[in-house]
Amino acid sequence: MHKKYIRSALNYTGGKYKLLSQLFPLFPKKVNNFIDIFAGGGVVGINAAREYGIFAGEHSSFILNDIEPHVIKFFKFLKGANHKQFINDVEKTIERYGLSETSKYGYEHYGIDSSKGLGSVNKEAFLKLREAYNNGNIGSNEEQVLFYLLIVFGFNNQIRFNSAGKYNLPVGKRDFNASMKSKLEEFCEVISEYNFEFLNEDFRLVDNIKEGDFVYADPPYRITTATYNENGGWTREDDLDLFNYLNSVNAKNAKFALSNVVIHNNRENEELVKWMGKYNLHILNYNYNNSNYQSKARQSSTVEVLITNY
Ligand SMILES: C[S@@+](CC[C@H](N)C(=O)[O-])C[C@H]1O[C@@H](n2cnc3c(N)ncnc32)[C@H](O)[C@@H]1O
């Protein structure tokens, strides 16, 4: 018996873990290639492999694409890595930098309680780690160990690089606790078991979609905000290009499902509403069955949807 869904090894902002139990029943029963075109932390693609893996033909693959290069590089690395060795290297590096190990020693050892968090304990060691990563000149194994640790020990597990390409977030509140470790182990297991491919492209350039393929699109939502939407942002043009892109996926007799938000704090994504009329709308909510999103909007400030062409 394996768990229903597994989490991403990176606690990715905007991650879809909590919605998986609503998304998968709305996905096609059978697909050829599965393309998670805005993969982020990879939680949809990785669980799709577990759901569809047994049906997938020899030549079909699970494609994880994202424009963020560091994450894709990390996934590629994990796919080829010896996982025991990687986790061992992670633990050795934590020791070497003198970062906290609450799973071994507990919070009391560090003289703080868990609600306050480990920021004051790890600040100095974290800055050393960040500097070593940003200075470069390290082997690819070390680079990926440090990248992973920056996410684990960094602010809200977020990923942010400045315009000079340097990781620039401060220390966070947590460490490589038992939960992070098991997420990493599970993620590694699945990534090596199935036929994954990793792409680091703007979605407009992912052009090899074929009949029978399924594209899952979870772009930044224009009317809400998140870190990955801060620099440069996601514009109206991006939305319109994505709608055209999905029209072309539809024209190829492939399937797509688009996650998005139609209303947020009384703002409506008008272009989305106009475009989605041709397709099927599913409102995502835990206890809500009415498919009229406007009446839903009166009850809560955010209406999250899935739009499908099947
Ligand atoms: C909502 S997040 C996806 C979260 C993901 N479904 C998960 O569960 O972790 C949106 C992603 O789109 C990526 N992105 C932004 N612009 C993009 C573009 N033009 N092409 C491809 N990916 C892009 C961002 O880097 C971010 O990872």
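The values are calculated or read from the model by the stated rules, or taken from the named source; none is laboratory data. These figures come from a predicted structure and were not determined experimentally. Accessible surface areas use protein heavy atoms only, side chains included; no ligands, DNA or RNA. Shrake-Rupley method; radii C 1.70, N 1.55, O 1.52, S 1.80 Å.
In the stretch 50-119, inverting the average of 1/r over every pair of distinct C-alpha atoms gives 16.0 Å as the Kirkwood radius.
Take every DSSP beta bridge whose two residues both sit in the chain; close to 55 percent of them are antiparallel. Here's how it looks for V215: its modeled amide H is under 5 Å from those of I35, K255, F256, A257, which are all 5 or more places away or on a different chain. Here the stretch 83-185 is treated as a Stokes sphere of Kirkwood radius computed over C-alpha pairs; at 20 °C and 1.002 mPa s its diffusion coefficient rounds to 154 µm²/s. Normalised by the number of residues in the chain, the mean separation of alpha-carbon contacts (under 8 Å, six or more apart) gives a relative contact order of 20 percent. Computed over protein heavy atoms with a 1.4 Å probe, the carbon and sulfur contribution to the accessible area of the stretch 83-185 reaches 47%.
A simple rule links phi to the HN-Hα coupling: the Karplus curve 6.51 cos²θ - 1.76 cosθ + 1.60 with θ = phi - 60°, which for the stretch 110-115 gives 9, x, 9, 9, 5, 5 Hz, with x for Gly and Pro. Pairs K29/K278; K30/K84; K4/K104; K84/K123; K4/K252; K3/K173: which exceed 25 Å Cα-Cα? Exceeds cut-off: K30/K84; K4/K104; K84/K123; K4/K252; K3/K173.
Normalised Debye scattering of the chain at q = 0.16 Å⁻¹ gives log10 I(q)/I(0) of -1.36, counting only Cα atoms as equal scatterers and leaving out solvent.
Might you tell me the accessible area per residue for the stretch 83-185, computed with a 1.4 Å probe and given in Å²?
On a per-residue basis, 51 Å².
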